[in-house]
Amino acid sequence: MNQIVVMSLDARLGLDKYEIDEERNHITVDHERCKLCVDKPCLTVCPAQVYKWVDERVAVSYENCLECGTCQISCDSGGKGGITWNNPTGGFGILFRYG
Ligand code: SF4
Ligand code: SF4
């Protein structure tokens, strides 16, 4: 009988591969807009915790991005539209290996 192995989310994500584009950040934020943003949903919605509050501004660790698009939607709908998100350059970004 086949045994079903249940993997944790962290274990699944650990199988993924990232090709990091050192020369192009595919996510930028407009810090002037962020100053006007009360709720700052970007700090809580990202499953990869790409956005952090550091030294009174939003810091972006784009190299950890899972390319789900949640931050753009939450920023446009519940923030101040400060995020500009572009697809990573071809060949860069995340390569999912599970499922
Ligand atoms: S949700 Fe958008 S506008 Fe608000 S702090 Fe985050 S990036 Fe800035
Ligand atoms: S696309 Fe998804 S993983 Fe990437 S920064 Fe936005 S919310 Fe986070």
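The values are calculated or read from the model by the stated rules, or taken from the named source; none is laboratory data. From a predicted model like this one, the values you see are computed outputs, not experimental measurements. Heads up, the Cβs are rebuilt from the backbone with ideal geometry, glycines too, and the neighbour counts pull from every protein chain shown.
Data for the structure
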read-out: Residue count for the stretch 4-34, restricted to those that are more than 16 Å from ligand 2 (Cβ to nearest atom), acidic (D, E) and not in a loop (DSSP other than H, G, I, E, B); value: 1
read-out: Residue within the stretch 47-65 that is free of Cβ contacts under 8 Å to residues at least 60 places away in the same chain, of a type in the set (S, T, Y), surrounded by 13 or more Cβ atoms within 10 Å (Cβ to Cβ) and not in a strand (DSSP E or B) present; value: yes
read-out: Close pairs from the stretch 68-95: first assigned to a loop (DSSP other than H, G, I, E, B), partner at pLDDT below 95 and near ligand 2 (Cβ under 10 Å from one of its atoms), Cβ under 8 Å, at least 6 apart; value: C68/P47
read-out: Conditions (1) within 9 Å of ligand 1 (Cβ to nearest atom); (2) not in a loop (DSSP other than H, G, I, E, B); number of the one not met by D39; value: (2)
read-out: Of all residues making up the stretch 31-48, the number that are under 16 Å from the mean Cα position of the chain (by Cα) and at pLDDT 95 or above; value: 7
read-out: Count of the stretch 14-46 residues which are in contact with a strand residue (DSSP E or B) (Cβ under 9 Å, 6 or more places away or on another chain), free of Cβ contacts under 8 Å to residues at least 12 places away in the same chain and of a type in the set (V, I, T); value: 1
